[in-house]
Each structure stands twice: as structure tokens, then as C-alpha cells.
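Here's the structure, in C-alpha cells; my notes come after.
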Amino acid sequence: MLGTMDDMSQYREYMKQALELARKGAGWVNPNPLVGAVVMRDGEVLAAGYHDCYRGPHAERMAFDYADAHGIDMCGATVIDTLEPCCHVGSQPACTDLILAHGISRVVVGSIDPNPVVAGKGLRILEEAGVKVVRDVMRSECDAINRHFFHYITTGMPYIVDSRRRVGESDAEYAVRRRELYATYAAVLAGTESDVSDESFAHFDGPVQSVGADEVVIGRHKPLLLKTSTLAGADPDEWLHELGKCKIDSLIVERDEAFERLSTACQKD
Ligand SMILES: [Zn+2]
């Protein structure tokens, strides 16, 4: 069911709010996706939430917990979700169960979750239970915030960014772009620590040397420093898959020669 034009413009407005919320998790949820959710009824927002840290509550759960704690009845409401709700029980309960338990009548989504354990199944479960589903609302914007996750979950390898200076980029633009990368990417590949010890990296507060210590760094808003020497003699594809197994979903590459070696095996900005 697509709804009327009025409905669609309203869904887009709320989807923009959900996207803003989703972005708050950037750098904290890797290797999970960024997700924001807004619950509304009759033009009024009842609750909202976002995935704010790795292994933390999902966006929908945060919104429902808020509503439950405040005695807000969600019956007949619409959930606006940047990403298809999950339907698998992992470290968190399935969001499809929460949606059904709260009597939600409509779910509006931006992205379909490419994770093979979801991949459209979340929406099918809702539809079979009688919930109206509206797909593809601001899908390209929703897909864009999770390009790392989509690449990682479908290939098992980190998404790679070219952090080198772009033609025509000013000092300030370059500094801002790099600061953002360091605040949101899981790891940085560099020759030495001095390659990355620029004081302008506000969120970079020290390297952790061991990839095996993934739980130490994931979700902490600072990248893991990897030395380019770990790439020497390795097959780039296998090397990237090893990082993927360590939950490294995104990688900044500081050295030209390393970037050239990896560039055929990876997605890049
Ligand atoms: Zn979920």
C-alpha cells in the first residue's frame, strides 16, 4: 500500500527525523548498521529512538521502551524506520516481535536489510501478521548512511575509504573530512603511529595494537591502528577477510602504496 501523496510527504518528514537520529550512532555501532525510528499517530510523534552503541538496544526497542515507561499506548500507530526491522533474536530481541506486541498498524521503511538473516523477511513477517508496510521511502538517503554496513555484511570485508587529499580541497575541508573519518571508521591502516598522530583528530585517542582485541575498540569511537607491515606479503583479499572476521567493517588507508594494493579488492569512497 503506497498511501496518498499527503501520507507520503508526511512519511518523508518523519523519515528525515529518523535519519537524523540514526546518524547519532555513527562511530559507536560498528559493525552494526545505523538505525533511527520514529513512532507517530495522527500527525503526532509518540516516541523515537536510535541504535546508539554496539550491542545496545535497537532503535525500535528504544522507542518502545520510552513509550512503555511513559504509559503511551502505541496501538494503531505508524513506525517510520530507516532500516527494515530485524526478525532474528541476537543480543537483542527481534524488533518485529516488539512491533506486533505493541499493536502497530503500519511500518514505513527506507532501506531493506541486506543481512542474509533478514533480507526482506522482517517485512514479510509484519505483512503476514496484517501490518501495512510502505517500502522505499527516502531509500537512497537511508542506504547512503549504511554503505559501510551493506558492503561489510554482503562481502565480509571492510569498506575502504581513500583518506588522501582531494584535488581542490582546502586545508579546512580536508581537516574536517579526516576528523569525521577518524570518528566513524573502525580502523586505520598506516605506516607508523606518526602518520595518524595529528592533533586535529579530536576523537582519536590512541592506537590499540591488536586486531584480536576487537571488543576493546569496536563501538568506542576511535579507530584501531593497523600497521602496513601486516599487509606485506599477504593476499589483499584474504587480509581484508581476516579483518572482517575481527568485526572491522570500515578502514581508512593512509598510505598510497597500501591503498593501491587494496583498491582492487574493495569498495571505496
Ligand atoms: Zn531490531
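Pairwise Cα separations in the stretch 116-193 fall into 5 Å bins from 0 onward with the following percentages, short to long: 3, 11, 14, 17, 16, 13, 8, 7, 6, 4, 2, 0. Taking a ≥ b ≥ c as the square roots of the eigenvalues of the alpha-carbon gyration tensor, the stretch 5-154 is classed rounded because a/c is under 1.5. Farthest towards the positive end of the charge dipole of the stretch 1-55, among the residues Gln17, Gly27, Tyr50, is the Cα of Gly27, using unit charges on the Cβ of Lys, Arg, Asp and Glu.
Values quoted throughout were computed directly from the atomic coordinates according to the rules given, and no laboratory measurement underlies them. Note that the coordinates shown come from a computational prediction; the quantities given were computed from them, not determined experimentally. A quick note on method: Cβ atoms are made from the backbone with ideal geometry, for glycine too, and the neighbour counts reach across all protein chains shown.
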